[in-house]
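Take a look at the structure below.
The values are calculated or read from the model by the stated rules, or taken from the named source; none is laboratory data. No experiment lies behind these values; they were computed from the predicted model shown. Heads up, the Cβs are rebuilt from the backbone with ideal geometry, glycines too, and the neighbour counts pull from every protein chain shown.
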Amino acid sequence: MTVTRFAPSPTGWIHIGNLRAALFNYAIARQAGGTFILRIDDTDPVRSREEYVQGLKEDLSWLGFTWDREERQSLRTDRYEEAKRRLIEGGRVYECFETSTELDLKRKKQLSMGKPPVYDRSALRLSEEEKAKLRQERPSHWRFLLDPGRIEWEDGILGPISIDAESVSDPVIQKEDGQWLYTFASSVDDAEMGVTDIVRGADHVTNTATQIQIIRALGAEPPRFAHHSLLTGPQGEGLSKRLGTLSLRDLRAQGVEPMAVLSLMARLGSSDPVELRSSVQEVVDGFRLGSFGAAPTKFDAEDLWPLTQRVIAHKPVEAVAPALARAGVPEGLQAGFWAALHENVAKESEIAEWWRVLSEGHAGTAAPEDRDFVEEALRRLPEPPYSEATWGEWTAALKEATGRKGKGLFQPLRRLVTGRDAGPDMGAVMPLLQVKPSLAETSDAA
């Protein structure tokens, strides 16, 4: 059975970059009728916070994701202890005593000599007496001993990968304070949970090499790995400084629709065109891992807004009834309101803005050359209620009286009624007006 996992660290809000891993692994599991695990990688007790755990669940649910199992690394420390014990017995995990300062000095010295900053394994040369003495002086940390040779795998996106194990430091698996590190805890979990497929960012390629050896040392078969490209800004700039503003909760608060997010992210960076989907299942059905490339992927949050507007435009009135009610649109007018305005609402929050104009009116404006015309138009417009015929009758009478036609006739009236130069069919808008339009005493030129 196919088993995938999304394993976020609850040290912040889930952002658009995290979503790629979540979406890719979710789609692979659902396409195969397999298992999708939500695994909270909360081994860092200082930075991990429960509010982030709840927040990421809310964000995933908002997108329409479901998960078959939930796991927490903080509840699995006994499994890491047991795995460590077995690997120590097998000669694959060893104790080290260097401080962070000492390790930093070693790295600088190696770099100055033109050598890669790889751990020199000096701890392996310590005698039992020396180790016993060091334990009295300082805490220790533990490393996994990599086998020499090349670590190879067929990456689902990048193709054949080969990394020389001797170019990589033996990974630290447990810090001096007892904290389990990602490389080890994740490997133990993937092995014991039967994970078959892992998709994650290209910045994890070196981690994958070491984890393949750890998983094999644990007696399990490594999953199939694929590494998607990293996101950049629209000009190719790094997103690291902007990710705080690209959290899913912030995008949701701004009014972005979940299907706009999923439709874009399921195709961004692939050879397939972005297509607006109407359900999570459609996104899953159209997903092709092999269509993604290795080149950095440009992401522009502005691309979410046209998709959001299209999502909203396709919603039936029943789907937006709660938003209509919150905006104050009377139930009897909701169907007409949505029929008239659904293609002119860029995000649901604009429903309230439109209803405010239609129910309370606003001080309309007119260009200086249109002011006399607009004042005459107001004199010819009776008090509401209006019908669908009102707009045609009103503009026909003004055309005959003033000789105006086309844009010169219609646009000043549209601006008067709605405050906009473009928008919905005015014949459908007029019956929604609750007050007669008015003209501001002074108005700016358009």
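Could you list, in sequence order, the residues of region 386-443 that are part of a helix (DSSP H, G or I) and aromatic (Phe, Trp, Tyr)?
Trp391, Trp394, Phe410, listed by residue number.
Kindly check whether there is at least one residue in region 264-279 that is of a type in the set (S, T, N, Q) and part of a helix (DSSP H, G or I). Outline the logic, then answer.
Initially, region 264-279 is screened for residues of a type in the set (S, T, N, Q), giving 270-271, 278-279.
Retained after the next criterion (residues that are part of a helix (DSSP H, G or I)): none.
So far as region 264-279 goes, no, none of its residues is of a type in the set (S, T, N, Q) and part of a helix (DSSP H, G or I).
Looking at region 229-248, which of the residues that are outside any strand (DSSP E or B) and in contact with a strand residue (DSSP E or B) (Cβ under 6 Å, 6 or more places away or on another chain) is modelled with the lowest pLDDT?
Here is the first cut: in region 229-248, the residues outside any strand (DSSP E or B) are 229-230, 233-237, 239-246, 248.
From what is left, the residues that are in contact with a strand residue (DSSP E or B) (Cβ under 6 Å, 6 or more places away or on another chain) are 229-230, 234, 239, 243, 246.
Details: Ser229: 94, Leu230: 91, Pro234: 88, Leu239: 74, Leu243: 56, Leu246: 88.
My answer is Leu243.
Conditions: (1) surrounded by fewer than 17 Cβ atoms within 10 Å (Cβ to Cβ); (2) over 30 Å from Phe144 (Cβ atoms); (3) not β-branched (Val, Ile, Thr). Leu276 meets all but one. Number of the miss?
Every listed condition holds for Leu276 apart from (1).
Does region 343-381 hold any residues that are surrounded by 15 or more Cβ atoms within 10 Å (Cβ to Cβ) and of a type in the set (S, T, N, Q), and which are they?
Within region 343-381, Asn344, Ser359, Thr365 meet the criteria.
Output the residues belonging to region 323-367 that are in contact (Cβ under 8 Å) with a residue 40 or more places away in the chain, in a loop (DSSP other than H, G, I, E, B) and more than 32 Å from the chain's Cα centre (by Cα).
Scanning region 323-367 gives Gly361, His362, Thr365, Ala366, Ala367.
Go through the residues of region 167-180 one by one and say whether even a single one is farther than 26 Å from Arg85 by Cβ, among the β-branched types (Val, Ile, Thr) and either surrounded by 19 or more Cβ atoms within 10 Å (Cβ to Cβ) or over 19 Å from the mean Cα position of the chain (by Cα) (or both). Write out each step before concluding.
So in region 167-180, the residues farther than 26 Å from Arg85 by Cβ come out as 167.
Going one step further and asking which of them are among the β-branched types (Val, Ile, Thr), we end up with none.
Among the residues of region 167-180, not one is farther than 26 Å from Arg85 by Cβ, among the β-branched types (Val, Ile, Thr) and either surrounded by 19 or more Cβ atoms within 10 Å (Cβ to Cβ) or over 19 Å from the mean Cα position of the chain (by Cα) (or both), which makes the answer no.
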